[in-house]
Amino acid sequence: MKQTQVEPAEGKLGIMIVGCGAVATTFMTGVLMARRGLAKPIGSMTQYDKMRVGRGDAKQYLHYSDIVPLAQLSDIVFGTWDVYPQNAYQAARYAEVLRPDDIDPVRDELEQIVPMPAAFDKNYAKRLDGTNVKGEGGDMPTRWQMVEMIRQDIRRFKAEKGCQRIVVLWAASTEIYVPVYEPVHGTLEALEKAMQADDRVHVAPSMCYAYAALKEGAPFIMGAPNTTVDIPAIWQLAEQTRMPIAGKDFKTGQTLVKSGFAPIISTRCLGLNGWFSTNILGNRDGLVLDEPANFHTKEVSKLSTLETILRPEEQPDLYGHGNADDTQYYHKVRINYYPPRNDNKESWDNIDVFGWMGYPMQIKINFLCRDSILAAPVCLDLCLLTDLAARAGRHGIQRFLSFFLKSPMHDYTQGELPVNHLYQQYTMLKNAIRQMGGYEPDEEID
Ligand SMILES: NC(=O)c1ccc[n+]([C@@H]2O[C@H](COP(=O)([O-])OP(=O)(O)OC[C@H]3O[C@@H](n4cnc5c(N)ncnc54)[C@H](O)[C@@H]3O)[C@@H](O)[C@H]2O)c1
């Protein structure tokens, strides 16, 4: 390994997960099984991918961990919060993502992961009725008390488990849509005042987790489409505490395909009139998303994927027709709750493209995926790479992690555009790793 400025990955890494549902338990079980040699962490870039560093005669293809110091799977200690009190073993069995045979060998370890009471506000996820929540006798704490309680949880967990470093990952339900509201979200001072005033409309519980994590010197990752860390107030806090943040919304099934497929259309200068995406999903995530206010948060995130890949303002002939006012292609995303499928989501994409002289064609994609199976390696990579970023002194929005995210964060106050194109995102990821590994970033074809 080259000489770098990155601090070594010494000691235990505590991964504290908000939500102990399908994604979280699939992630935790997979890590515990993999480190016993009982399963393979398939789909994880940090565990499998090899990338080029150096050029010409100095060219080498290395695993990420041979380029930068990454935490080992054996260094990870898990903690969690949830609205439901079931331990991680019970929650993994309930989720029915993994077969009992793939959970039982690590049952002892999973049973010890017991959710701490959640900082929860039912108005943000009406379909959930668990009682493992903070507050005495059903009295919801104020937002500021939530922050204090989460900070104590993090400190206690870190001390009890002997962790050197903590990463906090949101893998909890999608909250109702909280649009960016400048008077509260615009500055850190305004956000803190709103938390102290217990402003329940503009301060989502997820913001309390993010605020608490950063204050405790832990990076925060937003795996749902919530606005949470996508506001200037939190960017300021991340700068102040010199902590990385990443978000939002894990890029797993349909959107992974979309951000990989849309470049085919744009690269070949084909036209697009419409892209209709629909899904059936039957797990608790699907139940929460069946509530229109929660679905809207997801819809905004899923719709953003094509925005910077197929741009009507740059190519009006190709992407400037199809919607009601004929200004751009028509893009629609639906999610339907369908219990029989549980976590095995099925997505359909109908893509109306056109070619030479405007002649129409159609492309159909039917992905029968497993949501949490695709999300678990993304969780692992985001946690390990965010921990790396913190040790490398990188703070604020980590754009190099856009590769793993449906709606990558960017500084919209400065007119910065997100990068949604999967292959551009991959170049950003590799270049950040090269840089942190002491190599020059480059765009040479491998
Ligand atoms: N699976 C995927 O492919 C995928 C992709 C992108 C994003 N996501 C997002 O990841 C999240 C988790 O998905 P899942 O399938 O595991 O859902 P899930 O419903 O199985 O688990 C979420 C858990 O979060 C808990 N929770 C809700 N609010 C909480 C709070 N304030 N504090 C603590 N716990 C809370 C719920 O009780 C539930 O157990 C969802 O927001 C989902 O939209 C999933």
Between residues in the stretch 153-182 that are within 14 Å of residue 227 (Cα to Cα) and assigned to a strand (DSSP E or B) and residues that are more than 13 Å from the ligand (Cβ to nearest atom) and of a type in the set (A, V, I, L, M), which pairs lie under 9 Å by C-beta distance while being six or more apart or on different chains? 170/229
Would you confirm whether or not the stretch 362-378 contains a residue that is touching a Leu at 6+ places or on another chain (Cβ under 6 Å) and within 15 Å of the ligand (Cβ to nearest atom)? no
Which of the residues belonging to the stretch 42-68 are assigned to a loop (DSSP other than H, G, I, E, B), open to solvent by 20 Å² or more (accessible area, probe 1.4 Å) and modelled with pLDDT of 95 or more? 42, 43, 49
When you check residue 255 against the structure, is it assigned to a loop (DSSP other than H, G, I, E, B) and within 17 Å of the chain's Cα centre (by Cα), yes or no? no
Among the residues of the stretch 252-273, which ones are open to solvent by 10 Å² or more (accessible area, probe 1.4 Å) and away from the ligand (no atom under 16 Å from the Cβ)? 261, 264, 266, 267, 268, 269, 270, 273
Taking the stretch 240-251 and keeping only residues that are over 13 Å from the mean Cα position of the chain (by Cα) and either near the ligand (Cβ under 8 Å from one of its atoms) or outside any loop (DSSP other than H, G, I, E, B) (or both), one is left with 240, 241, 244
Checked pairs for the stretch 382-396, first within 15 Å of residue 11 (Cα to Cα) and open to solvent by 10 Å² or more (accessible area, probe 1.4 Å), second part of a loop (DSSP other than H, G, I, E, B) and not hydrophobic (A, V, I, L, M, F, W, C), C-beta under 9 Å and 6 or more apart or across chains, list as 390/7; 390/217; 390/219; 390/242; 391/7; 391/8; 391/69
Among the residues of the stretch 95-105, is any within 11 Å of the ligand (Cβ to nearest atom) and closer than 17 Å to residue 170 by Cα? no
Before we move on, is residue 347 under 30 Å from residue 434 (Cα atoms), open to solvent by less than 30 Å² (accessible area, probe 1.4 Å) and either within 16 Å of the ligand (Cβ to nearest atom) or in a strand (DSSP E or B) (or both)? no
Report whether or not residue 213 is out of contact with any Cys (no Cβ under 7 Å at 6 or more places or on another chain), more than 14 Å from the ligand (Cβ to nearest atom), among the hydrophobic types (A, V, I, L, M, F, W, C) and part of a helix (DSSP H, G or I). no
For the stretch 281-336, name all the residues that are more than 13 Å from the ligand (Cβ to nearest atom), open to solvent by 60 Å² or more (accessible area, probe 1.4 Å) and in contact (Cβ under 8 Å) with a residue 60 or more places away in the chain. 307
Do you know which residues across the stretch 115-147 are out of contact with any helix residue (DSSP H, G or I) (no Cβ under 7 Å at 6 or more places or on another chain), at pLDDT 95 or above and more than 13 Å from the ligand (Cβ to nearest atom)? 142, 145
Could you please tell me which pairs satisfy a Cβ distance under 7 Å, a separation of 6+ or placement on different chains, a first residue in the stretch 21-40 that is more than 9 Å from the ligand (Cβ to nearest atom), and a second residue that is among the polar types (S, T, N, Q)? 35/74
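The values are calculated or read from the model by the stated rules, or taken from the named source; none is laboratory data. Everything numeric here is computed off the predicted structure, so don't read it as measured data. For neighbour counting, all protein chains shown are included, and Cβ atoms are generated from backbone atoms with ideal geometry for every residue, glycine included. Keep in mind that these areas ignore ligands, DNA and RNA; they rest on the heavy atoms of the full protein, side chains included. Shrake-Rupley method; radii C 1.70, N 1.55, O 1.52, S 1.80 Å.
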